Amino acid sequence: MKHCRSCNAQTKPVANFGTMPISNRFVDTPNEPEYEFELTVEFCPDCYLVQLGDAVEPQEMFNDAYAFFSSTSNSMQEHFKQQAQMIQEKLLLRDNPFVVELGCNDGIMLRHIAEIGIDHLGVEPSGNVALAAEQNGVMVTTEFFNLATAKTIKSQYGSADVICGSNVVCHIEDINSVFAGVSELLSRDGTFFFEDPYIFDIIKKSSFDQIYDEHLFYFSCLSVEKLASRHGLTLVDVEMLDVHGGEARYFVQHTKVAKPSQRLIDQLEREKEHNLNDGVAYIKFAESAAEIAKELRQILNELTQKGEEIIAYGATSKSATLLNYSGITNQDIKCVFDNTPAKIGKFTPRTHIPIVSYENLDQHPGKHVLLLAWNHAKEIKRKERVFIENGGKFIETFPRVRVE
Ligand code: DWN
C-alpha cells in the first residue's frame, strides 16, 4: 500500500514496468554493477497526482557525474532564450528584480538573465552541470531546493520576484517542501512558474518512456491546483508547450493576489472531461505501453533477420524505460549516436549498447535508425536530410510504432 507524496491519501496502482536501472547512469563497462529499482506508477484518487510508486535516492541520480546537459539541443537553446525573454517582458515588473531558477543545469536559461544584468541565482544539485552554468556567467548554489534552502536564500538575498524551474519540479520527491519553499521565498506579488511533461500528453501519445526514475511526478492542472492550495498558493495560468514530447508550464502566485485565467479554467474542464481525476483514464495507457513494446520488438526482429544493422539516435534518459521494458539489448542495436561528451565511450544502462560520437548517418551502412530522442525529431530530421533523401528511415514509437 502506497501513500501520495502530496496529500498522503492511499494511492492506486496504474502500471508496472518491472525493474529498471538509473536512467542517466551510463556505465563505463558492461560488467559494472548497476542500481535497480521497481518502476511502478500510482494514481492518487484524492488529489489526482500521478507519481512513481518507489523513488530512487536523489543523490544516486543527481551528483557530480550527472550526464544530461540541457544545451545539447539547438531547439532547446532557442526555447530557453524565449523563456528568458518572457520572464523579462511579462514577469519582471519592478526595479531591481531577483530571479531564482531551480535546477538551472548548465545555465541554458539563466545565462540570458545574467547577460542583461538581472540579479539571479541558480539552485542546482549536480556539481558538474552547476560548474558549466558558472562558466556561462551564472550565479549558482550547488544544493537541492527545499524549505530550508528557500529560507537561507531569502535571508541572504531577499524575496524572489520570479521563481522558475524547467524539468525539475517533477524530479523532487519532497514536493511539499518545494511548494513550502516557494511560498516562503516568493515576493508578495511574484510569480512561480514551472514546466514539466504533461500527463495529458503522455496518455494521448502513450509515451511511456517519460516514466523513469528522475520523473517522480506527472502533473496535470487538476493536481497542481490542489498541491498549490495547500501552501497558500494558487495556480493562475497554464501554457501548453511543444517541447520534450508535450509539456505544460504552470503559473502560480500567492493566493491573496491570484486571479485564475480563462485559459486555465478551460484546461481544467478538458482534464475533467478526459477523466484525469479518475484512475480509469490510466488503464488504457498501461495496455498501450505493452502493445508498443511488443510491436517495437517485432519490427526490430524482422529487420535484424533480414541482416539489417540498426543503430539508435540519442542516448536519452527516457530510453532506459523504452529499451529495458521492450527487452531490447546490444544484440538488437549496434550503437547509439549522441553528441554529449560525458556519454560518449560509455554504455546504456543495463542494455549495454555502446554510445558513440555523432557521425553522419548518410555514411553509415544501416538504413534504419531507432529514434530515441523522438522529442527532438524536427531538429534531428533537419540535420539528417541527406540520410532521409538517400532512403534512410527512422523507427519511431509514439503514439504508435512506425518506420518512415
Ligand atoms: O527532464 C529531463 C529532460 C528534460 O532531459 C531529464 N530528466 C533528463 C533529460 O531527459 P532526456 O535525456 O530524455 O532528454 P533529451 O533532451 O531527449 O536527450 C537528448 C539526447 O540526445 C541527449 O543525450 C543529446 C542527444 N542529441 C544528439 O545526440 N543529437 C540530441 C540532439 C537534439 C541531437 O541533434
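Structure values in brief
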| item | result |
| --- | --- |
| Residue-count net charge about VAL123 - beta-carbon cut-off 10 Å; Lys, Arg +1, Asp, Glu -1 | -3 |
| Added length on full extension, which subtracts the Cα-Cα distance from 0.36 nm per residue, ASP46 to MET86 | 11.0 nm |
| Cysteines without a disulfide-compatible neighbour (Cβ-Cβ under 4.7 Å), the chain | CYS104, CYS164, CYS170, CYS221, CYS335 |
| Packing-based order for 206-217, 379-390, using average beta carbon neighbours within 10 Å, highest first | 206-217, 379-390 |
| Set LYS205/LYS367; LYS12/LYS154; LYS334/LYS378 screened for pairs whose C-alpha atoms are more than 30 Å apart | LYS12/LYS154 |
| Label-point separation, ASP242 to VAL386 (7 Å along Cα→Cβ), nm | 2.8 nm |
| Within the chain, percent of DSSP bridges classed antiparallel, to nearest 5 | 50 percent |
| Segment LYS151-SER357, length gained on full extension (0.36 nm per residue, minus Cα span) | 69.8 nm |
| Measure of compaction for the range 88-148 (Cα Rg per 2.2 N^0.38 Å) | 1.09 |
| Neighbourhood net charge (15 Å Cβ-Cβ; Lys/Arg +1, Asp/Glu -1) for ASP278 | 0 |
| Ranking of MET1, MET61, MET240 by count of other Cβ atoms within 10 Å, fewest first | MET1, MET240, MET61 |
| Estimated FRET transfer efficiency when R0 is 45 angstrom, pair LYS393-ILE116 (beta carbons, to 0.05) | 0.55 |
| Rounded to whole Å, sorted largest first: equivalent-ellipsoid semi-axes of the chain, Cα gyration tensor | 35, 25, 19 |
| R0 of 35 Å, Cβ-Cβ distance LYS306-LYS204: FRET efficiency to nearest 0.05 | 0.60 |
| Ranked list, fewest to most other Cβ atoms within 10 Å of each Cβ, for ARG249, ARG230, ARG188, ARG5 | ARG188, ARG230, ARG249, ARG5 |
| Protection proxy ranking, peptides 28-41, 191-204, 333-346, average beta carbon neighbours within 10 Å, highest first | 191-204, 333-346, 28-41 |
| Rotationally averaged projected area of the range 226-298 (alpha carbon convex hull; nm²) | 6.5 nm² |
| Local net charge near MET20, Cβ-Cβ under 12 Å (Lys/Arg +1, Asp/Glu -1) | -4 |
| In Hz, Karplus ³J(HN,Hα) per residue of the range 12-21 (6.51, -1.76, 1.60; θ = phi - 60°; x = Gly, Pro) | 10, x, 10, 7, 9, 9, x, 7, 9, x |
| Exposure proxy order (Cβ contacts within 10 Å, fewest to most) of CYS104, CYS47, CYS221 | CYS47, CYS221, CYS104 |
| Listed residues GLY307, GLY127, GLY245, most fluctuating in the chain (Gaussian network, C-alpha, under 10 Å) | GLY307 |
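Rule-based calculations on the coordinates, nothing more; no lab input. Nothing here was measured: the structure is a model prediction, and the numbers come from that model. With ideal geometry, Cβ positions are generated from the backbone for all residues, glycine too; neighbour counts draw on all protein chains shown.
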